[in-house]
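Just so you know, all these numbers are worked out from the coordinates, no wet-lab data involved. Please read all numbers here as calculations on a predicted model, not as lab measurements. Note that we place each Cβ from the backbone using ideal geometry, even for glycine, and neighbour counts take in every protein chain shown.
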Amino acid sequence: MKMVIGLRNSGDLAGKIAKKAGASYSPLESGNFPDGESYLRFKKPVKGNTVYLVQSLHPDPNDSLIELVFAARSARAQGASKIVGVVPYLAYMRQDKRFKEGECISSRHMALLLERSLDELITVDPHLHRYNSLSELFSVPAKKLSAVKEIAKFIDKKFSKDSIIIGPDEESFQWAMTVAAIIKHKSIIFNKRRSSSRKVKIKIKKGFDWKGKRIVIIDDIISTGHTMVETVKELRRRKVKAVHCICVHGILAEGALKKLKRAGAKTVVSCNTIPSQTNKIDLSGLIAKELK
Ligand code: R5P
C-alpha cells in the first residue's frame, strides 16, 4: 500500500498529494521534548508499505532535516518496504562551493544524510547551479520536478498578455525563459552582483524603453528578498507600469515580503513548497503524478 505521511512543515501539501494520488494519508506525530530533542511517532503502521515522507526543509532547515532522517530510519526499522522522501524545498543547495577557505560544502553533507536514509528522493526545482544534476550529489534515485508549467498557467490566467518576463540574474534564466517560452511572452535576463547575503546589485542592459511596461519577475527562491527588491527598484526607476514577483520557493526571510511591497511590487506569489501567506500556485498535482 502507498502511504503519504506529512511531516511538520508539509502537512497540508501532503494531504493534498495523498488525495490526488489516491493514497492513504497520515500526519506524523511530531514535537520536541522540553530540552529541544525531537519526538516522532507514526500514527498508522508502516510495515510492508511504500512510505512517502513529505517534508519541506524550510522553515527550520536543521530541525526539519533531522525529523526527516529520523522518520525515514524509523520507518525502515518498523518494516516499511520502500521509503521515498518528498522534499518540495531542498535546503542547503546554495552552499555548493567552498567560497572561503575552511567552509563546509553543506549541500554534500545534507545529501549524505538523506541518501543513507531514503530509497528515493523527489524534489521541486532544487537550486542546481554548480551541480548540473541531482545525480552528482545523490547516489539514490533523485527526481527533480519543475514548477514552470504551473507558473506559466498562473501568469497566463492572472496577468496581462503583454507582460515581460524578467529573470533577475543569470541563474534564473532556466525558470524565466522556460515560463516565457510556454506562454509566448518576451523575456529578458538581468545581471546580478552579490557581495554578501544582504548586498545585491542588479544591472539592466541599456537601450530598452521600460516606460509603461508590465513586468513579471521570476526566480527560484525569494530568501532575504534583496534580489527581487533591487530588481523591482531598478525597474520602477525606469517608470514601468506594474511589477509582479513570482518564485517557486517563498522563504521570505527577514521581512522580505514587507520590503518587496515597500519597493513597489504589486503582487508577490509563490508555489506551495514552503508554508507561506504568498502561496497561490498549488503543486500537489505535479507531485501526486509521481506517486502513481
Ligand atoms: C540565487 O542565485 C537564487 O536564484 C536567488 O536569486 C536567491 O537565492 C535569492 O536570494 P535573496 O532573496 O536573498 O536575494
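Proximity of backbone amide H atoms, modeled 1.01 Å from N, is registered between I189 and G167 at under 5 Å, excluding neighbours fewer than 5 places apart on the same chain. Of all beta bridges that DSSP places with both ends in the chain, some 20 percent have antiparallel geometry. Computed from Cα atoms, the angle from the helix 148-158 axis to the main principal axis of the chain rounds to 50 degrees.
Phi angles across the stretch 262-276 convert, under the Karplus curve 6.51 cos²θ - 1.76 cosθ + 1.60 with θ = phi - 60°, into 3J(HN,Hα) values of 5, 6, x, 5, 6, 9, 10, 10, 10, 8, 8, 7, 9, x, 7 Hz, Gly and Pro given as x. Note: the stretch 148-272, Cα convex hull, 92 Å³ per residue. Mind running the shape call on the stretch 66-222? Use the C-alpha gyration tensor, a ≥ b ≥ c as the square roots of the eigenvalues: rounded below 1.5 for a/c, prolate if a/b tops b/c, oblate otherwise. It is oblate, given that a/c is not under 1.5 and a/b is not larger than b/c. Note on the stretch 46-100: with charges restricted to the Cβ of Lys and Arg (+1) and Asp and Glu (-1), its dipole about the Cα centre is near 280 debye. Here the Karplus curve 6.51 cos²θ - 1.76 cosθ + 1.60, taken at θ = phi - 60°, turns the phi angles of the stretch 195-204 into couplings of 9, 7, 3, 10, 10, 9, 10, 10, 10, 10 Hz, with x standing for Gly and Pro.
Kindly state, as a whole number, the per residue volume in cubic angstrom of the convex hull around the alpha carbon atoms of the chain.
On the way: hull volume 39.5 nm³, N = 292.
Roughly 135 Å³ of hull volume per residue.
Of the peptides 266-278, 194-206, 15-27, the order by per-residue mean of other Cβ atoms within 10 Å, starting with the highest, comes out as 266-278, 15-27, 194-206.
Against the longest principal axis of the chain, how steep is helix 11-21, in degrees 0 to 90 to the nearest 10, with axes from Cα atoms? Relative to the chain, helix 11-21 is tipped by roughly 80 degrees. Let me know the longest stretch in the chain that avoids all GluC sites (Glu not before Pro) found in a DSSP loop with at most 12 other C-beta atoms within 10 Å. Answer from the scan: 104-292.
Rounded to the nearest 10 degrees, the inclination of helix 61-77 to the longest alpha-carbon principal axis of the chain is 30 degrees. Using Cβ point charges alone (K and R +1, D and E -1), the dipole size of the stretch 116-262 about the Cα centre works out to roughly 1180 debye.
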